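The structure appears right after this line, and notes come after that.
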C-alpha cells in the first residue's frame, strides 16, 4: 500500500498552545538587559509572565494560561508576530 505522510501537526490545536492575542512584537524578557522570562524545560504556574507582546507602544504581558512545563518556545526575541500565532507550548 501507499505510504501516507503523517498529517502536519497544527500547533494551535495543542492544548498547551499560547498564542499571540494581537499583532505586535514579541519580547522574551522584560527589558533588553534582563534574562528571558522562560526557557525550555522551565516549570510555570498559571499567571506567570511568558513574554511581552508590544503593540502600539503598549507592553502586553502574555501570561501562562495554566500550570505546566515549557515544551517549546516558537518565537525569537524582538520578532514581529501575527494575531493567533503560536508562541509557546506548555505541557
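The residues in the stretch 57-67 that are in contact (Cβ under 8 Å) with a residue 24 or more places away in the chain and either buried (at least 19 other Cβ atoms within 10 Å of the Cβ) or at positive phi (or both) can be counted, and the count is 2. Every condition in (1) part of a loop (DSSP other than H, G, I, E, B); (2) crowded, with 19+ Cβ neighbours inside 10 Å; (3) in contact with a helix residue (DSSP H, G or I) (Cβ under 9 Å, 6 or more places away or on another chain) is met by residue 89 except one, and the failing one is (1). Residue check: is residue 50 in a strand (DSSP E or B), under 9 Å from the mean Cα position of the chain (by Cα) and farther than 18 Å from residue 13 by Cβ? Yes, satisfied.
Give me the residue from the stretch 73-85 that is without any contact (Cβ under 8 Å) to a residue 60 or more places away in the chain and either on the phi < 0 side of the Ramachandran plot or in contact with a helix residue (DSSP H, G or I) (Cβ under 7 Å, 6 or more places away or on another chain) (or both) and, out of that set, surrounded by the fewest Cβ atoms within 10 Å (Cβ to Cβ). Talk me through it step by step, then tell me what you get.
Our first condition is that a residue be without any contact (Cβ under 8 Å) to a residue 60 or more places away in the chain; within the stretch 73-85, this holds for 73, 75-80.
Cutting the leftovers down to either on the phi < 0 side of the Ramachandran plot or in contact with a helix residue (DSSP H, G or I) (Cβ under 7 Å, 6 or more places away or on another chain) (or both) gives us 73, 75-77, 79-80.
Details: 73: 21, 75: 19, 76: 10, 77: 13, 79: 13, 80: 14.
Ranking the qualifying residues of the stretch 73-85, first place goes to 76.
Give the number of residues within the stretch 21-46 that are part of a loop (DSSP other than H, G, I, E, B) and either more than 22 Å from residue 83 (Cβ to Cβ) or touching a residue at least 60 places away in the same chain (Cβ under 8 Å) (or both). Within the stretch 21-46, residues that are part of a loop (DSSP other than H, G, I, E, B) and either more than 22 Å from residue 83 (Cβ to Cβ) or touching a residue at least 60 places away in the same chain (Cβ under 8 Å) (or both) number 17.
Where a number appears in this text, it was derived from the coordinates with a stated rule and is not lab data. Nothing here was measured: the structure is a model prediction, and the numbers come from that model. Don't worry about glycine lacking a Cβ; one is built from the backbone with ideal geometry, like all the others, and counts go over all protein chains shown.
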